[in-house]
Amino acid sequence: LKNQPFLIFVLFTLLSMIPVFLQQQSQLYYFTYQFNAGKDLMKFVSTLNMIAFIPIFLFGTYMVKKMGKKNTALIGAAGFAVVETLNYFLSGDSVTTYLVLQFFAQIFLMMPNTVCWAIIADIVEYGQYLSGVRTEGTVYSSYSFVRKICQAMAGFIPGIVLSIIGFNPTAAQQTASAISGIKMTYFLIPSVFCAIAAVVFFMFYTLTEEKHKQIVAELGMKSSTEK
């Protein structure tokens, strides 16, 4: 609880990972009632999401070296929020527009979710610097638990929104307000979560690359002295 970077990163993870699961939970409704496509489009989008991982796989290390872990995560969360907001207003009934924007949104979203484990490694060392005890198991297991919470919350939110907007699961056609609510659940709510995540992380996460290097150096000096 004294490890402030861990607490801030936990909050950032909650806010930036909920959109991943939220879109997974609501995409079938959106594809079915917005595009009349359903599971066929889901399969194509799943493939597109995997392709979107390729640029991160190829250039992720370069981005981290060039911009730092914090900035990489920030750009990813903020970029996703911007692109999905554009998708909400621009895609309409155009599947092509939706797919192009969604592809770039997924690239942005994968940035914080890829660099997160490197950030957690830094946080472990910061905790060791504070307390003198290295607690990797506690930090990693706590962080894994947070990710499970994200998944549970993302399964909970669509149900609430669907009940509020008057979604009828037995109806072949939904009302205009219900379709608008589904679209909002798929695009705007994830965008808001990621935008808040970016603001929180930018303002309150203080474990910069420079500070981490200084901590590692001091830990190395302590280790040498003890030997």
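The values are calculated or read from the model by the stated rules, or taken from the named source; none is laboratory data. For clarity, every value in this text was computed on a predicted model and none was experimentally measured. Reconstructed Cβ throughout: ideal geometry from the backbone, glycine too, with neighbour counts over all protein chains shown. Areas reflect the complete protein model, heavy atoms only, side chains present, ligands, DNA and RNA absent. Shrake-Rupley method; radii C 1.70, N 1.55, O 1.52, S 1.80 Å.
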>> I need two numbers for the chain: Rg to one decimal and Dmax as a whole number, Cα atoms only, in Å.
In response: 20.0, 73
>> Suppose all protein chains stay in the model; what accessible area per residue would a 1.4 Å probe give for the range 6-82, in Å²?
In response: 49 Å²
> Given only helices, namely DSSP H runs of n ≥ 4 each adding -39500 (n - 2.57), what is the per-residue ellipticity at 222 nm of the chain, to the nearest 500 deg cm²/dmol?
Replying inline: -30000 deg cm²/dmol
> What list of ³J(HN,Hα) values in whole Hz, one per residue of the range 48-53 in order, does the Karplus curve 6.51 cos²θ - 1.76 cosθ + 1.60 (θ = phi - 60°) give from phi, with Gly and Pro shown as x?
Replying inline: 4, 5, 5, 5, 5, 6
> Within straight cross-link reach of residue 39, meaning Cα distance under 30 Å, which lysines are found once same-chain residues fewer than 8 apart are removed?
Replying inline: 148, 183
>> Stokes-Einstein diffusion coefficient for the range 31-115 at 4 °C in a medium of 1.567 mPa s, Rh from the Kirkwood formula over Cα pairs: what value in µm²/s?
In response: 96 µm²/s
> Can you list the aspartates and glutamates whose alpha carbon sits under 19 Å from that of residue 222, skipping same-chain ones fewer than 8 residues off?
Replying inline: 122, 125, 136, 210
> Mind ordering 117-123, 145-151, 78-84 by average Cβ neighbours within 10 Å, highest first?
Replying inline: 78-84, 117-123, 145-151
>> Net charge around residue 212, counting only other residues with Cβ within less than 9 Å of its Cβ (Lys, Arg = +1; Asp, Glu = -1)?
In response: -1
>> Sorting check: for 52-62, 29-39, which peptide has the highest mean count of neighbouring beta carbons within 10 Å, and how do the rest follow?
In response: 29-39, 52-62
> Expressed as a whole percentage, what fraction of the accessible surface of the chain belongs to carbon and sulfur atoms when a 1.4 Å probe is rolled over the protein heavy atoms?
Replying inline: 67 percent
> So for the range 1-62, Kirkwood radius off the Cα pairs, Stokes-Einstein at 37 °C and 0.692 mPa s: how many µm² s⁻¹?
Replying inline: 232 µm²/s
> Tell me, what HN-Hα J-couplings in whole Hz come from the Karplus equation 6.51 cos²θ - 1.76 cosθ + 1.60 at θ = phi - 60° for each residue of the range 22-35, using x for Gly and Pro?
Replying inline: 5, 5, 4, 6, 9, 5, 4, 5, 5, 5, 5, 9, 8, 10
>> Can you tally the net charge around residue 13? Count Lys and Arg as +1, Asp and Glu as -1, for every other residue whose Cβ sits under 13 Å from the Cβ of residue 13.
In response: +2
> Looking only at Cα atoms, what is the convex hull volume of the range 111-227 per residue, in Å³?
Replying inline: 128 Å³
